[in-house]
Every structure is written in C-alpha cells, then in structure tokens.
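Have a look at the structure below before the remarks.
What follows is calculated from the coordinates using simple rules that are stated; it is not laboratory data. The structure displayed is predicted, hence computed values, not measured ones. Using ideal geometry, Cβ is built from the backbone for each residue, glycine included, and neighbour counts are taken over all protein chains shown.
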C-alpha cells in the first residue's frame, strides 16, 4: 500500500497509483507515434529519453498519469475554493435563479465578469438544463474566479471575499498570486500538454496552499488522497 506523509492512502487511490507500469515496453512504433501523437508533440519525450524510443513512449504515458493526478488534486481545490467564495454571498440557495443572486448583480461584478456568467447560463440552457446558482457556480471557469482577486475588486475583498480565506494573512494579493500561478499550469493540463519539465512539486504545493487558506483541514484531506507523490515515484528510469 502506498503511503504519503505517514498516512495510508484509501484503497481505491492506492490501487490506482501504479495500476500500469510506465516502464512497460513501447506499444507503438515511430510511425504510429508520429501519426497518433505528431512528431512535434512527441519530441520533448524523445529528448528527455536521450533518443530512446521505448523510454520516450513510457515517458509519454507517465506524463498522462501525472497530469491526471495533478488535475485530480486541482479538482478538489477548485471545488473547495469556488464554494467558499459563493458561500459569502447570502442567502445561499443553489436552486435560485442567477438573476436573483450576486452572479448577475452589477453592484458586485463588472461587465466582463457578468458576461462570463451569461455565457455559462447560455451553455447550461443549451444542454436543456435549468440555469441555477449552483449550476452556474460549477460551470464558471477558473479564470472567472481568479479575476475576482484583481485590484479592481479590492472593495469586494474587504466586504466579502476575505472571509472565504480565514486561513490566510488577510492580504488579497496572497490569493491572487497563488491563483495566477496556477492558471497557465491548469491550461497545460486541460490541453494535454507535456508537464515533464514543470516544477510539479511547487505547483502541487501552491494548490495545497490555496486549499489551506480556505480550511487547513481541507488541505490535509486533499493532501492525504493525492496520488501525485506515488506517480512521481513511478517516473520511467533513464528519462531525466
């Protein structure tokens, strides 16, 4: 059983962490890699593997495993954070129409933010679902939440948002910095880009720091179920 920070991982997570070995022989040849992955996208893996094709394939597979583990951790942090923010605007009624909430209030959000809200409402409606506060909060992008910590929202930070981060210093820029650092990395994950050269430990710590600002107990829980360390330990040999 894999262990992390002295704690045993739940069975479901422990069994997933090394379900497939990244050191397995290549299952696709050079022509297939060029056709299925494309030569430019496969090149970073070949370079990291010193030109060894089988190691490059193993590294490509490992990159996908690591991306999934990182996105899983970010998933928990993002859900925690957006719900903590939304909870500051009472009364909280997940079934409420967005027009009756802070999400469409021009006294709270600027035009750009409310445009993102309307776009999210439109997407929900196109899925033949009723747009509700809960669905809109869940559907808004990470970029929407990050923008709430721009300087233009300093007043909102003072009146509402700082209460969502009781574990922090009370400085808006603390949250803004962590979220801004995560935006480009989150985009890499979402677009299935290589992350083998990224500072994974630092990015994971930024995610956990953000969770800790909301609730230290939430940080501990997210850290305890994270598969990142286990996947990092499975990096294919001879690949940097």
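Once C-alpha pairs closer than 8 Å and six or more residues apart are averaged by separation and normalised to the residue number of region 91-148, the relative contact order reads 41 percent.
Measuring r between the beta carbons of residue 141 and residue 174 and using R0 = 22 Å, the FRET efficiency lands at 0.55.
Put in line by how crowded their Cβ is, counting other Cβ atoms within 10 Å and starting with the fewest, 119, 104 read 119, 104. If R0 is taken as 45 Å, the Cβ-Cβ distance between residue 224 and residue 158 corresponds to a FRET efficiency of 0.85. Here region 197-240 is treated as a sphere whose radius is the Kirkwood value from Cα pairs; by Stokes-Einstein at 10 °C and 1.306 mPa s it diffuses with a coefficient of 137 µm²/s. Cβ crowding within 10 Å ranks 153, 60 as 153, 60, fewest other Cβ atoms first.
A simple spin-label model places the labels of residue 53 and residue 100 6.4 nm from each other, with each point 7 Å out along Cα-to-Cβ. Computed on the chain, with alpha-carbon pairs under 8 angstrom and 6+ residues apart, the relative contact order is 32 percent. Given the chain reduced to its alpha-carbon atoms as identical point scatterers, what log10 I(q)/I(0) does the Debye formula return at q = 0.11 Å⁻¹? So the normalised log intensities are -0.69. When 203, 192, 128 are sorted by how many other C-beta atoms sit within 10 angstrom of their C-beta, beginning with the fewest, the order is 128, 192, 203. Rounded to the nearest 10 degrees, the angle from helix 200-214 to the longest Cα principal axis of the chain is 20 degrees. The equivalent ellipsoid of region 50-136 has semi-axes of 39, 15, 13 Å, largest first, where each one is the square root of 5 times an eigenvalue of the Cα gyration tensor. Seen against the Cα atoms of the chain and their longest principal axis, helix 39-48 is set at about 70 degrees.
GNM on the chain, alpha-carbon springs under 10 angstrom: the most fluctuating residue among 228, 31, 57 is 31.
Between residue 41 and residue 201, full extension at 0.36 nm per residue minus the direct alpha carbon distance yields a gain of 55.3 nm. What's the angle, to the nearest 10 degrees (0 to 90), between helix 53-86's Cα axis and the longest principal axis of the chain? Orientation of helix 53-86: about 10 degrees from the principal axis. Helix-only mean residue ellipticity at 222 nm, the chain, DSSP H runs n ≥ 4 weighted -39,500 (n - 2.57), per residue, nearest 500. What is it? Helices in the chain give a 222 nm mean residue ellipticity of -18500 deg cm²/dmol. If R0 is 25 Å, the Cβ-Cβ spacing of residue 123 and residue 92 corresponds to a FRET efficiency of close to 0.65. From the Cα gyration tensor of region 91-148, with a ≥ b ≥ c the square roots of its eigenvalues, which class applies: rounded if a/c is under 1.5, or else prolate if a/b is larger than b/c, or else oblate? Because a/c hits 1.5 or more and a/b fails to exceed b/c, region 91-148 counts as oblate.
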